[in-house]
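The values are calculated or read from the model by the stated rules, or taken from the named source; none is laboratory data. Fair warning: this is a prediction, and the values are worked out from it, not measured in the lab. Cβ coordinates were reconstructed from backbone atoms using ideal geometry, including for glycine residues, and neighbour counts include every protein chain displayed. Calculation scope for accessible area: heavy atoms of the full protein, side chains included, ligands and nucleic acids excluded. Shrake-Rupley method; radii C 1.70, N 1.55, O 1.52, S 1.80 Å.
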Amino acid sequence: MHTVVLHLTDLRPVVAPDELVASLVPPPTFSDVSFASYRPNPDEPSQAAAVAAAEAFVTQAMYVRGSKAGLLRKPRRGIGLYLDGGFGVGKTHLLASSYHAAKTPKLFASFVEITNLVGALGMADTVERLAKHSLVCIDEFELDDPGDTMLLSRLLSELFDRSVSVAATSNTLPGQLGEGRFAANDFLREIRRIADGFQVVRVDGPDYRHRDLPAPPAPLSPQELQLRISRTHGASLDEFDDLAKHLATLHPSCYRELVNGVSAVGVSGMRPAQDQAVALRFVAFIDRLYDAGTPVLVAGEPADKIFTEEMLAGGYRKKYLRAISRITALARAGESVGLSPTSVL
């Protein structure tokens, strides 16, 4: 049985600004997680300690939000929790668990989605909308450029002043944000201002996505890729260079909607990204695929070769390594896609 093959390059999703806030919830992968479902590695005591710290943070954040300001007393300032650690140690699990444990209204977004929100709504409107929330969760916090640094410094300060608490995850300690990406020393005041708002909790351990698992599957032949995608209802197939060009025409805030409902993504002609701009777009794209748990099948070079050695040695190394970890997991998930003549995901 063969189905109609979708092409992401034929889709041009448009997301209205008012829909952006409503869509900011944990991705399907983390829709049902909790502190109880987190399984700390017994060889990494920092993981159990992080669970306890996150639970205590949520309790305190709800107290802050519930406290009323008196005539002579200002509202309590929001608090911050910053989960720092490597890839695949469960930081996002803990962040989503914090979200689920908090009282509504609350919000969960990636760092890119937060900056996109400010770009779409403007700073003042964003602050007003986010100030209605008891907790704002920001996954994969990072500072890529001076604009991000100034924007986040102001946004976080205003949210804390409005009794909004903020939990974040990152692969970089707050005081080291921006290193290797721009002249971070010129923005130390803003970076320190951001760092001072957070309690930093370290989460150590090996990447669970790679733990005791094989390397990414070997690429398929173009013919096999075409066959397996055609057997899979709701799957897409695009050539790598065409997809790269298409992503450049869309605002990253649209990437989530671009892959919404797509059961599997096939990419032919897979190869390393041509330049940094293309690579960073694919990072955002891979993040949205990972959020949705969408399997990936490739022909050409292996999925984990999407970034060059030069890129992996540069200032965005941690960002690229996270994306490799995620696309590797998605490629493993794609190993069984389309093997049956009647495959339907």
Checklist outcome for this item: Residue count, the stretch 328-345, condition modelled with pLDDT of 90 or more and either open to solvent by 30 Å² or more (accessible area, probe 1.4 Å) or within 15 Å of the chain's Cα centre (by Cα) (or both), comes to 6
Checklist entry - With respect to Thr104, is the statement that it is at pLDDT below 85 and either open to solvent by less than 30 Å² (accessible area, probe 1.4 Å) or in contact with a Ser or Thr (Cβ under 8 Å, 6 or more places away or on another chain) (or both) true? => result no
Checklist entry - Hey, among Val33, Val14, which residue is more than 24 Å from Arg202 (Cβ to Cβ) and assigned to a loop (DSSP other than H, G, I, E, B)? => result Val14
Next on the checklist: Can you confirm whether Val21 is in a loop (DSSP other than H, G, I, E, B), among the aliphatic types (A, V, I, L, M) and out of contact with any Phe, Trp or Tyr (no Cβ under 8 Å at 6 or more places or on another chain)?
Outcome noted: no
Next on the checklist: Looking only at residues that are more than 21 Å from Ser110 (Cβ to Cβ) and charged (D, E, K, R) in the stretch 1-23, which one is surrounded by the fewest Cβ atoms within 10 Å (Cβ to Cβ)?
Outcome noted: Asp10
Item to check | Among (1) under 15 Å from Arg202 (Cβ atoms); (2) buried (at least 18 other Cβ atoms within 10 Å of the Cβ) - the single one Ala52 does not satisfy | outcome: (2)
Item to check | Residues located in the stretch 283-326, provided they are within 16 Å of Ser236 (Cα to Cα) and within 15 Å of the chain's Cα centre (by Cα) | outcome: Phe285, Ile286, Arg288, Leu289, Tyr290, Ala292, Gly293, Thr294
Checklist outcome for this item: Exactly one of Gly266, Gly261 is touching a residue at least 40 places away in the same chain (Cβ under 8 Å) and over 13 Å from the mean Cα position of the chain (by Cα), and that one is Gly266
Checklist outcome for this item: Of the residues in the stretch 24-47, those that are of a type in the set (Gly, Ala, Ser) and surrounded by 15 or more Cβ atoms within 10 Å (Cβ to Cβ) number 1
Next on the checklist: Can you list residue pairs whose Cβ atoms sit under 7 Å apart, with the first residue in the stretch 222-249 being more than 16 Å from Val298 (Cβ to Cβ) and the second being open to solvent by less than 10 Å² (accessible area, probe 1.4 Å) and of a type in the set (A, V, I, L, M)? Count only pairs 6 or more apart in sequence or on different chains.
Outcome noted: His246/Leu8
